[in-house]
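Taken together, the values in this text are just the output of simple stated rules run on the coordinates, not laboratory data. Since we're looking at a predicted model, the values are computed, not measured. Glycine gets a Cβ as well: all are built from the backbone with ideal geometry, and neighbour counts include every protein chain shown.
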4 protein chains.
Amino acid sequence: MKKTKVAVLGATGMVGQRFLALLENNPYFEVSALCASERSAGKEYREAVSGRWAVEGEIPEKFAEMPVEKCEPGIDAEIVFGALDSSIAEPIEQAFAKEGYAVSSNTRCHRMCEDIPLVIPEVNAGHLEIIEEQKKNRKWGGFIVTNPNCSTIAMVLGLHPLQKAFGLEKISVTTMQALSGAGYPGVSSLDILDNVIPHIGGEEGKMESEPLKIWGELKGGKFENADMKISAHCNRVNVKDGHLETISLSLKKKASLDEVKKALKEFRAEPQELNLPSAPKQPVILMEEENRPQPRLDRMLEKGMASVVGRIREDKIFDYKMLILGHNTIRGAAGCAILNAELLKAKKYI
Amino acid sequence: MKKTKVAVLGATGMVGQRFLALLENNPYFEVSALCASERSAGKEYREAVSGRWAVEGEIPEKFAEMPVEKCEPGIDAEIVFGALDSSIAEPIEQAFAKEGYAVSSNTRCHRMCEDIPLVIPEVNAGHLEIIEEQKKNRKWGGFIVTNPNCSTIAMVLGLHPLQKAFGLEKISVTTMQALSGAGYPGVSSLDILDNVIPHIGGEEGKMESEPLKIWGELKGGKFENADMKISAHCNRVNVKDGHLETISLSLKKKASLDEVKKALKEFRAEPQELNLPSAPKQPVILMEEENRPQPRLDRMLEKGMASVVGRIREDKIFDYKMLILGHNTIRGAAGCAILNAELLKAKKYI
Amino acid sequence: MKKTKVAVLGATGMVGQRFLALLENNPYFEVSALCASERSAGKEYREAVSGRWAVEGEIPEKFAEMPVEKCEPGIDAEIVFGALDSSIAEPIEQAFAKEGYAVSSNTRCHRMCEDIPLVIPEVNAGHLEIIEEQKKNRKWGGFIVTNPNCSTIAMVLGLHPLQKAFGLEKISVTTMQALSGAGYPGVSSLDILDNVIPHIGGEEGKMESEPLKIWGELKGGKFENADMKISAHCNRVNVKDGHLETISLSLKKKASLDEVKKALKEFRAEPQELNLPSAPKQPVILMEEENRPQPRLDRMLEKGMASVVGRIREDKIFDYKMLILGHNTIRGAAGCAILNAELLKAKKYI
Amino acid sequence: MKKTKVAVLGATGMVGQRFLALLENNPYFEVSALCASERSAGKEYREAVSGRWAVEGEIPEKFAEMPVEKCEPGIDAEIVFGALDSSIAEPIEQAFAKEGYAVSSNTRCHRMCEDIPLVIPEVNAGHLEIIEEQKKNRKWGGFIVTNPNCSTIAMVLGLHPLQKAFGLEKISVTTMQALSGAGYPGVSSLDILDNVIPHIGGEEGKMESEPLKIWGELKGGKFENADMKISAHCNRVNVKDGHLETISLSLKKKASLDEVKKALKEFRAEPQELNLPSAPKQPVILMEEENRPQPRLDRMLEKGMASVVGRIREDKIFDYKMLILGHNTIRGAAGCAILNAELLKAKKYI
């Protein structure tokens, strides 16, 4: 199969760097352009990112000497990955979509638009069908697909086997989120040493609304929100990567603890069937130890692409309680956008 | 007023050290004996604790040269504070109570006994009435009073104004607990660096059961559990002191956000009226900032004796959600036991 | 004694906040003006600093409602403390000195000027004599006095008893410096978690040059550098406050280990004799434990105003090696500038 | 080539685990026995190590179900790797050597014995010649080879190119050592949070003496210490893996900065020539950035088997100063012992 040319918008930032690290050996895609702000444009990538490469290991050789380009249509690529700051991304992503590019964006600006799909490939691949509608409405040659917020992805992917098998009625979640979720330089060391910061701007709203769209139905060209209630408490803790979430939930159709565990363990979906290159073999991992998952120990299971579920037990108010852990910059950001693009290619949207 | 002589059982441990730091200038009490294991008995306190003094500042001068005694009745004291490890405390505390000492214990072993009160002075001072029953039943000259687990104290004190004014129906809580709660050496640095440990042995059970007794009624010499549901998720985070808890709750009698805030702000109770020396002026502090309370910044408010409440807002599943922070080794352990003893003295139990 | 009116330039920053916390109850000084950038000027102090108060406890009541003023002469004060960023401080401090104010500055911009004294009161109080020269040269009504860099102060104060008694020939120092030394937001949490940053811009140069001036002689209106060699390695570690330094040194006049310890223990100087309000009783503390001083345990000895020395032992290359710890934002910054001002007042320079 | 059977003594401990992780795919060796204390013997490895697997990733499948055996000769292996606690290792290692096993030990107990080599393969492979002497003296069928302490290995490997090219006269070193160096549970989280511990028992002595043997000459069956002076300050910092060291040194034969850098960059030795499977391509890496190496970013260069040198510059007292970083549990422990064994095999000692 011929590799599709892809570009990264915001390639010098923290999520942009993660895109590159994950794309280095991708069999579907070949990075043909690195785009960033005016300040970086014209420099070699290594120079533009100097001293701020934040992913483990060195800058991949193949990208180090590529020139950084401006974030404007005209670049040599079919797909563009969106990793720009949300404050400036909206017009830029739309410009690319208008000019015929497929945009797979990690930015929040288009997530809740009514003709733009918000996709986790294992959960709602069918929502891609709105793309035709989107292109027609907006008179675009290309289109935009988005992935959810990092803390939403971990939760929705981890709980999807239960939504599918039994239906979810209520979810109460408390997050303990990693520092890398705030970007770089992000959280000051003086704020987090010997501390927890019990507030992340806008995060609780995203966790309470995005799942309703993702688990909603696409009917007659419109998304109908799923019928469930979600309440979120979001906190920042002194952990580099990996959002850990405590979850209490009630099911629509009652199920035994064994049935719940079975549903989680056996869950596979379209990306696994299509054998997409970035798809985890096991999208939801169930741990049985009483003190797992833990961020540092378990965030890299399935190369950071799984939701790790643990400590499932009965709840005195809800039906069950449990833990979910997800790698926030891999599955929770760049990795999900790449998997979305692989799905688009496998399903001939590109 | 003549000072009452008090002893600390387990004086060399972490909670024992905190007892001494708090008792150094107490106007009601004078520390007349320091008791610890056979290994320490006979040594000077400074030597017995050498290299393991874990409270800020130095060992108070007045205790440094006191001899460490064995944990056996016969010591010169009227009150003994219990800070022994729960694995060995039970027979020792009972021996003291039998011999006429008043035992104010921070240990968990007697908390759930049906004739032993589990007291937070601002919440259920009335439960001390069971003492007469206890002495009679057990044919003891003295008696035992206990205080709850650290994470329970923060929650129950912080929510008591709402329980009193409106009644609590359901509480869902997730804790982010400090390292000092695990004692010394406690949690290995290798386990908590860049990590969260999502399990604390026995802690969830304590948080789900102790409040039912504390908020229960003492009727005809028996405690009747409060009628409410509690579900807890307990986690250890990389913070030295201060347990932070996210709480979602429903009230029995509906109340507006303003009414809820008013109840919290105006709350005062018997320790404040009696002007007990260790009582905080304001037992429940309400913060209005969107990112407070935080452990490092707010754990020492009211010298560590308050529950600090913040971020009160509506919940999509329960009535309200909020944060509560409490200092786990001060109000959550030694400070509560001392306040219990002050209450006993003010109410002539001693 | 009537209190002298003082102002703080850069009152909203991290060092400025520390000045206010230390000045709250100072018996010599009364804070009459708070000055900061144009952006803050006109606001109440509480509002100007909102969410960025970084000292333990709350903003002192007496300052919370004071108006923030611009950093321009005309304010009602006799002394101004300099806590501005060094990139903008130079012309501002000079404007104040010209208009008759006494400037006690923590900023680096004037430290190495040949007519401006660089003072640690216990070390080189005599250098204040250059003030007359300075006023005359520059035709200023007031004057500028500076204090050294934080890591320099800890080292020079801690070693001064040895310089005085035996003379220092060579000093090799490696620092492990606290996060608060980089200001706020300063070091990103992503850079320091599970890490050490082995470089602090300009710091090694300051540690190698400032001591030569401080320990130099003032002769005929000119400073002559001390004759010694200093080499520094500077590192940032994951500690909130307190710079720890390993030091190897050789003496000009040989001395036994006991003589060295005696010199350190018995050291007192002019601030102690004058009983200045911010002077530590014991400016140099000698610890004998094999694993002390430690930043978290010992930084607040003498309210953060001492240099704490420990682990003195023979060195295989130099004469002796040891540890020195100093609180970087108290004795290493605001506290030293305040002590300098107290010295100026006691010696009638103001 | 047929794989040689190897066993690990102390296989359940932290260094033992690291041995297994590194041996999983070693082309020279096949792990045929896992030995540990009586308490673990008889269990499956997975069970014996339960909850204490501390290396990234899971327990390698091939070891999980192996039985744990006692640390006694008779096991099926040719080489045994020593990872026991030094308090019990001495008689056990000797028993194996006596019975004909080749012991490659990471334990400190035999390091300074006069007929036992202390080897870093790139530095003093020639010292293996003492083995014949050792076997004869002790009437052993097998023999013992040791590797140095973790902080020594990083320093000696990193400086060896300079020793070889110019001779080292004096080395002054300050370490900032990682938590994993203290084993598990090792350092309490309460001791290291917001802190540095400026003492590691016995460490300074090892750093000051071991290099003299390693760089010494083997003459007439005896080691003669190298002629140089070393002084060490050892500290524990809040870092998981990777010892960082600041080093000031003087050379016997003067050399320019360029000559020094060239010597470091071009250094290769016998393990590289023999192409040993665990040998790094580049045993000494020279970084030119002003703030590198850093433990979290650079400890895994060359899979943790290199010494990383940086910030080389002139020193005001010595000739040059610099940083050295080494991974303490890989090259500084298990990795060095494995490389020693590979060298033994390549040179036909086994």
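Looking at the square roots a ≥ b ≥ c of the eigenvalues of the Cα gyration tensor of the range A:1-98, which shape do they give, rounded for a/c under 1.5, prolate if a/b is larger than b/c, or oblate? Because a/c hits 1.5 or more and a/b fails to exceed b/c, the range A:1-98 counts as oblate.
Starting from the label point of C:ASP258 at 7 Å along Cα→Cβ, the same points in the other copies fall at 5.6, 7.8, 8.0 nm, in ascending order.
Working from Cα pairs under 8 Å separated by at least six residues, relative contact order for the range C:235-350 is 33 percent.
Evaluating 6.51 cos²θ - 1.76 cosθ + 1.60 at θ = phi - 60° for every residue in the range B:62-67, the Karplus couplings come out as 5, 9, 4, 9, 5, x Hz, glycine and proline recorded as x. Listing D:GLU217, C:GLU245, A:GLU69 from fewest to most neighbouring C-beta atoms within 10 Å gives D:GLU217, A:GLU69, C:GLU245.
Using the Kirkwood radius over C-alpha pairs as Rh, can you work out the diffusion coefficient of the range B:150-328 via Stokes-Einstein at 25 °C, viscosity 0.890 mPa s, in µm² per second? The estimated diffusion coefficient comes to 146 µm²/s. Averaging Cα coordinates gives a centre for the range D:100-175 and one for the range D:177-212; these two points are 21 Å apart. The mean number of Cβ atoms from other chains found within 10 Å of a Cβ in peptide D:55-68 is 1, as a whole number.
Of interest is the spacing of the C-alpha centroids, which for the range C:9-86 and the range D:21-77 amounts to 62 Å. For chain C, the 222 nm mean residue ellipticity estimated from helices alone, with every DSSP H stretch of n ≥ 4 adding -39500 (n - 2.57) and the total spread over all residues, rounds to -8000 deg cm²/dmol.
In terms of surrounding Cβ atoms within a 10 Å radius of their Cβ, D:ARG311, A:ARG313 rank from fewest to most as A:ARG313, D:ARG311. Averaging 1/r over every pair of different alpha carbons in the protein assembly as shown and inverting the result gives a Kirkwood radius of 34.4 Å. Residues considered: C:PRO185, C:PRO277, C:PRO161. Largest GNM mean-square fluctuation over chain C, using C-alpha springs under 10 Å, is found at C:PRO185. Note on chain A: GNM, Cα springs under 10 Å; of A:ALA83, A:ALA154, A:ALA165, the largest mean-square fluctuation is that of A:ALA165. Determine the alpha carbon to alpha carbon distance for each of D:LYS213/D:LYS254; A:LYS254/B:LYS219; B:LYS303/B:LYS347 and list only those over 31 Å. Beyond 31 Å: A:LYS254/B:LYS219. Sorted from shortest to longest, the distances between the D:SER50 label points of this copy and the other copies are 3.9, 5.5, 5.5 nm, with each point 7 Å from Cα along the line through the beta carbon. Checking every one of the trypsin sites (Lys or Arg not before Pro) in the range A:238-292 against DSSP loop status and a limit of 16 other Cβ atoms within 10 Å picks out A:LYS252, A:LYS253, A:LYS254, A:ARG268, A:LYS281. Each of D:CYS71, A:CYS109 has some number of other Cβ atoms within 10 Å of its Cβ, and from fewest to most they run A:CYS109, D:CYS71. Counting Cβ atoms of other protein chains within 10 Å of each Cβ in A:289-302 and taking the mean gives 5. A Cβ-based charge dipole, computed about the Cα centre of the range A:237-290 with Lys and Arg at +1 and Asp and Glu at -1, lands at about 240 debye.
Placing a label point 7 Å from Cα along the Cα-to-Cβ direction at B:SER86 gives distances to the equivalent points in the other copies of 3.9, 4.2, 5.4 nm, listed shortest first.
Scanning residues 5 or more positions from D:LEU218 or on other chains, those with amide H under 5 Å from its amide H are D:GLU224, with H placed 1.01 Å from N in the peptide plane. Shielding by partners for peptide B:317-324, expressed as the average number of C-beta atoms from other protein chains within 10 Å of each residue's C-beta, is 4.
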